[in-house]
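All remarks here apply to the structure that follows.
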Amino acid sequence: MCGSGSPVPRSAGRPRTSTTRSGKSSSWTGRCAPTGPGCSPSRSATGRSARATRRTIGAPWSAAWRSGSWVRASRSTMSGTPCWRVIGRTSSRCIPTTCTRTRSGIAKRPRRWRACSNSRDSCRFTPLHRIGYPPAVPTTLIADLRHHEGATVTLQGWVVTTRSSGKIAFLVLRDGTGHVQCVFPKKEVAEGAWERFGELTQEAAVAVTGTVRADDRAPGGFELTASDVRMTAPSVDYPITPKEHGTSFLFEHRHLWLRSRKQVAIARVRHEVEQAIHDFFYARGFIRTDTPILTGSIGEQAGELFATEYFDLGQAYLAQTGQLYVEATAAAHGKVYCFGPTFRAEKSKTRRHLTEFWMCEPEMAFVDSDGNMAVQEALICYLVERALERRHEELKELERDLAPLERISGPFPRITYTDAIARLQAEGSDIEWGRDLGADDETALAKHYDKPLFVMNYPKEVKAFYMKENPDDPRTVLNNDCLAPEGYGEIIGGSQREDDHDLLLGRIKEQGLDPASYAWYLDLRKYGGFVHSGFGLGLERTVAWICGIPHIREAIAFPRQIHRLYP
RNA sequence: UGGGGUGUAGGUCAACUGGCAGACCGCCGGACUGUUACUCCGGAUGUUGCAGGUUCGAAUCCUGCCGCCCCAGCCA
């Protein structure tokens, strides 16, 4: 189940454009600077299907965008205006171009089109904005520089650092797609450019024009020999300097800290994990059903909810979980999930808690506790695999030791709560059966394994009312926690749900909850009750583990903690 | 909500037993043609968290308050 690779069926990955008529797929190795005079929307590329060509003619980028086509941006060096070429409509494969050069060195328009064996998302030769938006002014992205070697381009971005040595100066620029060093030789730059360089400060917005040059000394392999620079917006006394800062200072400046390399890397791993979650469930036929944030009834237990006035209906609460609602939608669709923010007014001040965090909660009809864990296992394997495959650079930036992640594969070890207690006691712990496991207990258990660990069947008393009683041991319920390795602790909590109306009602009363608030939830057992299970995966905890960062507050752009509501 | 720690320049931190408020980074000025946390020279920068107390004298000792950090509980 694990390690099965892409959740998309293999057959869907075959290019369906006419570009692969040869039937041969090859990776693209040529250098392309699609900026030559021949680059015009009205000219079709040799080998393109007539249909795509027609689409290009008279079809501005926005029309192509609306129709879902892929567009590729390029810039005419003659007119300076961007032009757009539709390169594919339904393919999930990258379709890069090859170019030839004339003897004079000017890149000509693509002669032929080839399919590339890389997938659309991972292909290094498919810069993202080709399927995105048109830049406000003709601008080359740093990530695209490899395609523009020898060409004169204009970059827009923000100043990371400047260095000057009297007759030569260096500017490290970032634009959201990467970093590049721009070199300013004093004698060769445009008039006034040297002085303008001197006025640049950290994080000033700039436009730099120069020639793209491959250089072994450059971290990304390419540099810009700059001919001109223009500051488009100043930045005075940027607070986050290249020196060290304390955590409270950094979180007070979180809106700026997000620009730093490591924070960018974390955000991209998070993005990858979120997308991977959606891909995973989509490929397996789950329907995403969104659950309310404002709720009247209560998720698990009162007291730790954020309350707000709700017109004439009294108090509304910010959702602690979407679970009760996905149980309802599971009866409509079979397999569903929700993914959104949840809120806990717990006064927790640990490295594993936020008051607002994102949770993915699948719910599956006709799936028992065993099947539930199998899905959790597959999901975690897939998320780790995706991060390793597509966010390798980011994990490297974060100095994450990849070996523990590479070891993640199914099946995961499983241990019952009762066995866990026995093991802890054997190791000298004074924990007694019936008490919930603490953070230290979890770490002690998980350290025996280099994979995530399932701990199953906790005592009924310490778990929520909706969990199904274990028929083999009625003191316990059919639930599981999933503990991440390396001391990261619980990232998933799941259970088979109580599907018997009377037993559920009894549990509600036992825990002192008001049955009236749960009338609609009990209805699900009155009208075609069904075996079902589900779980909640904490996004920030998962991202923190994959990134190897010590505190989950860095795994979300703007963390909400008990003492932090700003920025 | 408990337990522990901490608060000094824009930032990170020193300041011995109560005795002149300091360093580095950053910033400003200058030098330097391949730097990449460049280097070198010079300069500016303070309500020592707040309020009170002890003392000839308090960043330092005492009382109260506030902020932040770590740990625990609760949980994802």
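For A:ASP290, the shell of other residues with beta-carbons less than 14 Å away shows a net charge of -1, using +1 for Lys and Arg and -1 for Asp and Glu.
The simple spin-label model puts a point 7 Å past each Cα toward its Cβ; for A:LYS187 and A:SER348 those points are separated by 6.5 nm. Bridgeable lysines around A:LYS463 (alpha carbons under 20 Å apart, same-chain partners fewer than 8 residues away excluded): A:LYS347, A:LYS509.
Other residues with beta-carbon under 13 Å from the beta-carbon of A:GLN202 carry, at +1 per Lys or Arg and -1 per Asp or Glu, a net charge of +1. Each peptide in A:262-275, A:512-525, A:236-249, A:350-363 was scored by the mean count of other Cβ atoms within 10 Å over its residues; highest first, the order is A:350-363, A:262-275, A:512-525, A:236-249. The distance separating the Cα centre of segment A:316-361 from that of segment A:363-415 comes to 20 Å.
According to a simple spin-label model (label point 7 Å from Cα along Cα-to-Cβ), what is the distance in nm between A:ASP450 and A:SER164? Each label point lies 7 Å from its Cα, and together they span 5.3 nm. Bridgeable lysines around A:LYS451 (alpha carbons under 23 Å apart, same-chain partners fewer than 8 residues away excluded): A:LYS396. For A:VAL172 and A:VAL531, the difference between the fully extended length at 0.36 nm per residue and the C-alpha to C-alpha distance is 123.4 nm.
Grab the other residues whose beta carbon is less than 12 angstrom from that of A:GLY494, score K and R as +1, D and E as -1, and report the net. With Lys, Arg at +1 and Asp, Glu at -1, the net is -4. Hey, which of these cross-link pairs are over 30 Å Cα-Cα: A:LYS243/A:LYS447; A:LYS349/A:LYS526; A:LYS262/A:LYS335; A:LYS335/A:LYS460? A:LYS243/A:LYS447; A:LYS349/A:LYS526; A:LYS262/A:LYS335, as the Cα separations exceed 30 Å there.
Remark: spin-label model distance A:PHE558-A:ASP440 equals 3.9 nm, labels positioned 7 Å along the Cα→Cβ axis.
Bear in mind that the values in this text are calculations on the coordinates, not laboratory data. All values reported here derive from a predicted model rather than from experimental measurement. Methodologically, a virtual Cβ is constructed for each residue, glycine included, from the backbone with ideal geometry; neighbour enumeration extends over all protein chains shown.
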